[in-house]
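Written out below as structure tokens is the structure these notes cover.
The values are calculated or read from the model by the stated rules, or taken from the named source; none is laboratory data. On a predicted model such as this, the values are computed, not experimentally measured, just so you know. Heads up, the Cβs are rebuilt from the backbone with ideal geometry, glycines too, and the neighbour counts pull from every protein chain shown. Accessible surface is based on the protein model in full, side chains and every heavy atom, while ligands, DNA and RNA are left aside. Shrake-Rupley method; radii C 1.70, N 1.55, O 1.52, S 1.80 Å.
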Amino acid sequence: MKSITHLLQSCLSALLLLGVLTTAQDKAAQTPPAQPPAPLVSPEVHADGTVTFRFRDPNAAKVEVWGDWDHTAATAMRKDDQGVWSVSTTALAPDYYGYGFTADGVDVPDPSNHELTPNLLFSLNVLHVPGPLSLPWEVNDVPHGVIHHHFYRSAVAQDDRDYYVYTPPNYDSAAKKSYPVLYLLHGYSFDARSWSASGHANVILDNLIAQGKAKPMIVVMPLAYGTMKILGAFDNSELRDANFQKFSETLLTEVMPRVEREYRTIKDRNARAIAGFSLGGSESLLTGLNHLDKFSWIGSFSGARGIPEEFQKDFPSLNAKANEQLHLLWVSCGTEDYRLAMDRNLREWLKAKGVKVTEIETPGSHTMMVGRRNLAEFAPLLFQ
């Protein structure tokens, strides 16, 4: 009898539990699932050139945005009742800017913006404030060149490397026409993609060539490190010197021979130029001025920082005779660049040695905005 009673009680408990579960499931079915928050629009560029940035972090106590438009200070953002931080800038000049957020002291990229600059040390988003088509970096309806991507194993650096090659519109590898070459070097912490992805070098060359302002040329954009150990250790003078020496070796003995085998280049020093931004500007000077048998057009865009002021040590054979081999020596820097004094010292030393130098100071700080402007002015002078 007890067994039957126990069985009935168990069945009743099971039925009650089933009822509770069914009720809970019915309620759950009637309650719609929580919707994820709507995606943020950031950055939002307005018609008047102002830009609104947004960043969702309900738990943050302080969020700031910083970027290439102001290197003196970050801008504080305000949080709304949904946990979204935002701020609008004053009108920005048409250009490409790098920017990022700092949330409670930690630098973070904008999660709403997939556009990032190629960088090996930190993440930096891209902001494009469109401008008139007359700006050299704005895409126009003109014939476009092609960017080719190459990989190779470096015996000098003992690693796997890449380089990019821009061929101008109407380039035909089967034709007899050959082209002059510009070796264009990126800045510190960037990589071989930098001049096309951030500098928009291909767009600038497309526009200049279409306007008849620059001669059609091949542009080679290599990885501008002799050793990857230099990343994060640029102030180590011994490592820096080794980096410069090995980079020159990789360029002259590995990249250049490959390019001259694979592309229709004019194999003559008068048809070779070397230029770069920041670290690439230093390397252009050190490689170009110490190998005048290879290059006759040299450009440094904000590049003096990487060269210690023992200039005689870095350029032991340089004197006024270099003028007979140089078609152009361009040394420039941004007017707000904290390295401007170093750049001016280098220019004064060059002039004291009797070397003719084209001195340029471009409005701006140490950013690719200055690099782009220099390329747009430098390229039309080449191979004339």
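Some notes on this structure:
- Of all residues in region 102-118, exactly one satisfies the criterion of being at pLDDT below 95 and buried (at least 17 other Cβ atoms within 10 Å of the Cβ), namely Thr117.
- Set Val146, Val165: member being out of contact with any Leu (no Cβ under 8 Å at 6 or more places or on another chain) and surrounded by 13 or more Cβ atoms within 10 Å (Cβ to Cβ): Val165
- Some residue of region 335-357 being under 18 Å from Arg372 (Cβ atoms) and open to solvent by 50 Å² or more (accessible area, probe 1.4 Å): yes
- Condition broken by Leu184, with the remaining ones in (1) touching a helix residue (DSSP H, G or I) at 6+ places or on another chain (Cβ under 9 Å); (2) surrounded by fewer than 22 Cβ atoms within 10 Å (Cβ to Cβ); (3) under 27 Å from Asp141 (Cα atoms); (4) modelled with pLDDT of 95 or more satisfied: (2)
- Qualifying residue in region 229-252 (condition: closer than 14 Å to Tyr163 by Cβ, open to solvent by 10 Å² or more (accessible area, probe 1.4 Å) and in a helix (DSSP H, G or I)): yes
- The set of residues from region 344-370 being closer than 30 Å to Ile204 by Cα, assigned to a helix (DSSP H, G or I) and among the aliphatic types (A, V, I, L, M) comprises Leu346, Leu350, Met368, Met369, Val370.
- All strands (runs of 3 or more DSSP E) inside region 104-169 with 3 or more residues being of a type in the set (Asp, Glu) and on the phi < 0 side of the Ramachandran plot: 159-167
- For Ser178, the test of being more than 25 Å from Asn119 (Cβ to Cβ), small (Gly, Ala, Ser), touching a residue at least 24 places away in the same chain (Cβ under 8 Å) and open to solvent by 20 Å² or more (accessible area, probe 1.4 Å) is passed.
- Lys229 being farther than 28 Å from Arg305 by Cβ, out of contact with any Ser or Thr (no Cβ under 6 Å at 6 or more places or on another chain) and among the basic types (Lys, Arg): no
Here is a yes/no grid of residues against (1) without any contact (Cβ under 8 Å) to a residue 60 or more places away in the chain; (2) in a helix (DSSP H, G or I); (3) surrounded by fewer than 23 Cβ atoms within 10 Å (Cβ to Cβ):
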{"position": "Ile274", "(1), (2), (3)": "no, no, no"}
{"position": "Pro308", "(1), (2), (3)": "no, no, yes"}
{"position": "Gln312", "(1), (2), (3)": "yes, yes, yes"}
{"position": "Arg372", "(1), (2), (3)": "no, yes, no"}
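- Of the numbered criteria (1) surrounded by fewer than 17 Cβ atoms within 10 Å (Cβ to Cβ); (2) aromatic (Phe, Trp, Tyr); (3) touching a residue at least 40 places away in the same chain (Cβ under 8 Å), the one Trp330 fails is (1).
- Options Gly232, Gly199: the member that is small (Gly, Ala, Ser) and at pLDDT below 95: Gly232
- The single condition among (1) in contact with a Phe, Trp or Tyr (Cβ under 7 Å, 6 or more places away or on another chain); (2) farther than 21 Å from Gly131 by Cβ that Leu92 does not satisfy is (2).
- Qualifying residue in region 199-211 (condition: under 30 Å from Phe53 (Cβ atoms), open to solvent by 10 Å² or more (accessible area, probe 1.4 Å) and touching a strand residue (DSSP E or B) at 6+ places or on another chain (Cβ under 8 Å)): yes
- Total residues in region 282-298, condition touching a Gly at 6+ places or on another chain (Cβ under 9 Å) and of a type in the set (D, E, K, R): 2
- Yes/no for Glu324 being over 30 Å from the mean Cα position of the chain (by Cα) and more than 25 Å from Leu239 (Cα to Cα): yes
- Taken over region 85-97, residues that are small (Gly, Ala, Ser) and either in contact (Cβ under 8 Å) with a residue 60 or more places away in the chain or touching a Lys or Arg at 6+ places or on another chain (Cβ under 9 Å) (or both) amount to 1.
- Subset of region 129-139 that is touching a residue at least 60 places away in the same chain (Cβ under 8 Å) and surrounded by 15 or more Cβ atoms within 10 Å (Cβ to Cβ) - its residue that is nearest to the chain's Cα centre (by Cα): Trp137
- Residue within region 229-249 that is of a type in the set (Ser, Thr, Tyr), on the phi < 0 side of the Ramachandran plot and under 19 Å from the mean Cα position of the chain (by Cα) present: no
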